Amino acid sequence: MFRNYLIIAWRNIARNKIYSLINIAGLAIGIAAGLLIFTVVTFELSYDKFQAHYDGIYRIVTDTREGNGNIGYNEGVCTPVAKAMQTDFPQLAAMATVNIADGSQVTLLGSDPNKQVASTTKFIEKKGIIFTGPSWFSIFNSQFLAGDAHTLEEPGHTILDQSTARRYFGDWKLAVGKYLLLDNAILLKITGIIADAPANTDFPVKILVAYETLRRQGARYGYSQDWGTLSSTSQLYVLVPKAFHMAELDAQLLRFNKKFYPASPGRADRYNRWQPLRDLHFDPHYGTMGPHVASKPVLITLSLIGLLIIVMAAINFINLSTAQAVGRSREVGIRKVMGSSRSQLIAQALGETGLLVLFALVLGILLSVLCKPLLSQVSNVPPAIHLVTAQTFLFATIAFTSITLLAGTYPALVLSGFKPAQALKNKISAASVGNISLRRVLVVTQFTISQVLMAGTIIAIAQMNFLRNADLGFNRDAVLVVPAYADSAMAGRMAPLKHDLLRNPSVETVSFASDEASSDNNWASNFASDYKRDEDYPVFFKYADKDYAAVFGLKLLAGRWYDAADTAREFVVNETLLKKTGQADPQQAIGKMLRVGGGPWRAIVGVVRDFKMNSLREVVKPLLLTTGRSNYYTVNIKIRPGNLATTAEQIKVLWEKTYPEYAYSAHFSDDTIQAFYQQDKQMALLYKMFAGIAIFISCLGLYGLVSFMAVQKTKEVGIRKVLGASIPSIVLMFSREFTALIGIAFLLAAPLAWYGMSQWLQNFAFRVNIGWTTFLFAITATLLIAWVTVAYRAVRAALANPVTSLRNK
């Protein structure tokens with residue numbers, strides 16, 4: 001019997017090639033999209049779950065509550081916190097103090113620690129360098145290929161991961177015993193090699209340096225034992241034994257905070273808290289050592305989109321299968337007369353559905369494999385990830401079962417429910433099959449999903465365009481940023497380098513500064529104004545020479561730019577700082593006194609127009625600018641319009657001549673700004689891609705239904721043509737109902753899209769407004785696509801010879 005069902009199923013598929021192709025194509029595309037989304041979501045959710053102590057690892061973070069109720073978030077801790085917690089929390093299984101040294105230079109010295117630096121190979125490691133101790137390996141998984149954790153007990157020792165060792169020395173086995181120079185200041189001996197961390201980790205460390213090295217030579221990395229110094233680079237990780245309840249530790253940490261952070265009038269409240277490893281990858285308030293923080297709402301949205309696309313493909317199947325049931329009424333009638341039970345007819349119908357789904361599943365997996373190279377461009381999934389895994393088979397099994405039941409059950413019930421007498425007399429019509437109201441509901445559902453995605457895509461693209469073209473309050477074009485090093489060797493050559501750069505006719509101006517105008521830097525400190533006590537919120541600051549304003553085109557509202565100096569002597573502040581201190585007139589602020597971090601009182605000499613010092617996700621913060629040569633970590637070079645590439649190459653040559661012991665690394669300021677929104681651009685691309693897929697699947701179903709209607713209305717079309725009906729009127733007859741259904745779908749989609757995208761836009765302090773034009777464009781585009789789809793098939797029906805149509809039985 002099964003073999004007979006299989007043969008009949010194959011014959012039905014072959015006989016109805018167009019409908020079978022539409023069903024298989026729609027399901028295959030839906031399954032491919034679902035599998036790709038499944039891969040992205042499962043990858044993001046898998047971060048660090050391979051850690052043996054996953055549930056017991058916590059990071060100690062620091063929050064600051066300001067007087068106005070705002071909370072500041074910092075993933076770091078004051079350096080003394082670690083020692084204090086060792087005393088106050090003896091029950092912790094392990095504790096690892098970490099200091100991140102991203103952006104450092106590594107110089108290869110080989111076997112000779114006295115080798116001349118200028119003649120050696122140099123690397124800029126943008127991420128992956130940390131100072132830590134042996135306890136790191138008690139908390140986090142690592143496989144040692146050479147050496148062991150105890151090598152980090154000695155200052156001057158370092159451990160590399162396998163890839164870094166191979167990149168430095170060609171073969172990781174040759175690395176042990178060799179020497180490195182960190183930032184031209186710290187001599188390190190390689191004493192161990194560990195296996196590379198998996199791609200799904202927020203701890204992709206490449207170089208681990210003994211923490212004792214930092215204690216002895218850490219001034220350049222901001223190492224301080226002061227309880228008032230807080231930096232995101234100084235972090236603390238702990239391992240909580242399974243026997244302890246977090247409620248007890250929470251109470252203990254509360255007492256710890258009261259002990260070491262007593263309340264002080266006029267100062268923001270600071271306190272530590274536990275951040276579990278399971279939240280680390282998804283908490284937008286804090287950063288990670290890895291390349292990004294994922295958003296759970298975005299992952300949920302993606303999962304929902306994948307599910308809805310598959311549901312849309314199943315809806316196509318239901319609509320076409322119930323519509324096709326008319327053509328199979330006699331077959332069902334004969335089978336019932338011959339003794340087939342309803343359960344047998346349902347089994348046969350489900351078998352045919354299962355065969356179609358199987359074809360679609362195989363094709364969908366092949367499509368997803370072909371599209372995999374595109375996945376790394378629209379997500380953070382690495383190119384090397386495997387699509388065909390045990391999870392893929394689980395996905396395929398669930399997809400096959402659920403789609404077969406979802407798409408096959410209702411058509412099977414419809415077919416098996418035909419009355420034999422009516423079926424044999426061919427009295428079953430399209431109007432009586434499958435509940436036309438239900439088919440309309442399904443079409444409305446499809447186009448509701450399509451229009452939600454289309455409207456979401458339009459809003460996401462509008463926000464990305466807004467971010468790209470927004471007025472940041474400064475000129476970001478053609479500013480080349482070269483990382484600098486605030487050591488004595490660099491400082492002595494700053495002036496000659498600047499002089500030589502300005503001799504290049506393509507260089508407009510040059511400024512040394514702590515960072516560029518817009519960056520992820522958030523240096524902040526307590527401060528006081530006008531000889532009063534400290535404010536209950538921090539002031540953020542940048543160190544820069546007097547040419548900083550000229551490089552970035554900053555606009556003064558009052559006063560002047562500060563005079564040239566090596567240390568802080570005068571302050572320039574922004575509008576936001578004035579407003580927060582209660583001063584409305586920039587002119588009146590000139591001469592007012594400020595004190596930062598308990599230092600000496602200094603005068604405000606200028607007020608600069610607000611500019612966006614961070615991404616547009618954040619509000620403009622109270623900002624102070626001043627001089628401080630020891631904190632100049634960037635050279636900002638304004639290049640005249642023209643050949644940027646040639647000028648950048650000339651700057652590189654000059655840099656390497658001036659600082660042969662330093663590696664050259666540079667980027668344009670605009671690249672920094674674009675990097676802020678990399679994940680948002682990826683999300684916009686994903687929306688665009690899946691909105692296109694959803695519309696395509698909807699139109700496939702629409703085409704199938706119109707094709708079926710054309711067959712059912714063959715005689716009607718012939719009679720209308722004989723009576724003088726025009727082709728446009730016949731096309732209108734076919735499209736009228738679908739236009740109404742799309743209109744209903746729009747009324748449902750518009751509020752859903754508005755609500756969902758409004759929530760997403762809340763992530764940005766500066767954002768576009770969702771206007772009615774967005775939804776007008778969405779409904780117009782959907783109608784045009786639907787009309788083209790309907791018209792293509794309807795015109796073919798209208799052009800048929802009426803004589804042939806009237807002879808059709």
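Here is the figure for the stretch 587-617: residues that are out of contact with any Leu (no Cβ under 9 Å at 6 or more places or on another chain), in contact (Cβ under 8 Å) with a residue 60 or more places away in the chain and either surrounded by fewer than 15 Cβ atoms within 10 Å (Cβ to Cβ) or not in a loop (DSSP other than H, G, I, E, B) (or both) total 3. Here the stretch 651-669 is the region considered, the condition is being open to solvent by 50 Å² or more (accessible area, probe 1.4 Å) and in a helix (DSSP H, G or I), and the residue that is farthest from Thr301 (Cα to Cα) is Lys657. Taking (1) within 30 Å of Leu367 (Cβ to Cβ); (2) crowded, with 22+ Cβ neighbours inside 10 Å in turn, Asn636 satisfies each apart from (1).
Only one entry in Ala195, Ala219, Ala263 is among the hydrophobic types (A, V, I, L, M, F, W, C), under 30 Å from Thr107 (Cβ atoms) and free of Cβ contacts under 8 Å to residues at least 40 places away in the same chain, namely Ala219.
Residues are listed down the side, and each one gets a yes or a no for (1) among the β-branched types (Val, Ile, Thr); (2) at pLDDT below 90; (3) more than 21 Å from Ser511 (Cβ to Cβ):
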site: Phe571; (1), (2), (3): no, no, no
site: Thr576; (1), (2), (3): yes, no, yes
site: Pro600; (1), (2), (3): no, no, yes
site: Ile604; (1), (2), (3): yes, no, no
site: Met613; (1), (2), (3): no, no, no
site: Val619; (1), (2), (3): yes, yes, yes
site: Tyr633; (1), (2), (3): no, yes, no
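Every residue, every condition in (1) of a type in the set (S, T, N, Q); (2) open to solvent by 10 Å² or more (accessible area, probe 1.4 Å); (3) farther than 18 Å from Glu153 by Cα; (4) in a strand (DSSP E or B), yes or no:
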position: Gly177; (1), (2), (3), (4): no, yes, no, no
position: Leu187; (1), (2), (3), (4): no, yes, no, yes
position: Ala197; (1), (2), (3), (4): no, yes, yes, no
position: Asn200; (1), (2), (3), (4): yes, yes, yes, no
position: Pro204; (1), (2), (3), (4): no, yes, yes, no
position: Val209; (1), (2), (3), (4): no, no, no, yes
position: Thr213; (1), (2), (3), (4): yes, no, no, no
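Output yes when any residue across the stretch 566-578 is touching a residue at least 24 places away in the same chain (Cβ under 8 Å), open to solvent by less than 60 Å² (accessible area, probe 1.4 Å) and acidic (Asp, Glu), and no when none is. Within the stretch 566-578, one or more residues are touching a residue at least 24 places away in the same chain (Cβ under 8 Å), open to solvent by less than 60 Å² (accessible area, probe 1.4 Å) and acidic (Asp, Glu).
Taken across the stretch 144-164, residues that are open to solvent by less than 10 Å² (accessible area, probe 1.4 Å), hydrophobic (A, V, I, L, M, F, W, C) and in contact with a helix residue (DSSP H, G or I) (Cβ under 6 Å, 6 or more places away or on another chain) do not occur at all. Scanning the stretch 530-563 for residues that are over 14 Å from Gly606 (Cβ atoms), open to solvent by 50 Å² or more (accessible area, probe 1.4 Å) and in contact with an Asp or Glu (Cβ under 8 Å, 6 or more places away or on another chain) yields a count of 1.
Would you say Leu182 is more than 20 Å from Ser234 (Cβ to Cβ) and open to solvent by less than 20 Å² (accessible area, probe 1.4 Å)? So Leu182 fails the test. Meeting the requirement of 3 or more residues that are within 30 Å of Lys621 (Cβ to Cβ), at pLDDT 95 or above and open to solvent by 10 Å² or more (accessible area, probe 1.4 Å), no strands (runs of 3 or more DSSP E) wholly within the stretch 15-124 can be named. Every residue in the stretch 618-636 that is in a strand (DSSP E or B) and of a type in the set (Val, Ile, Thr), please. Within the stretch 618-636, Thr626, Thr634, Val635 qualify.
The values are calculated or read from the model by the stated rules, or taken from the named source; none is laboratory data. This one's a predicted model, so the numbers in the text were calculated from it and none came from an experiment. Positions of Cβ are generated from backbone atoms using ideal geometry, with glycine treated the same way; all protein chains shown enter the neighbour counts. Ligands, DNA and RNA are excluded from the accessible area calculation, which covers all protein heavy atoms including side chains. Shrake-Rupley method; radii C 1.70, N 1.55, O 1.52, S 1.80 Å.
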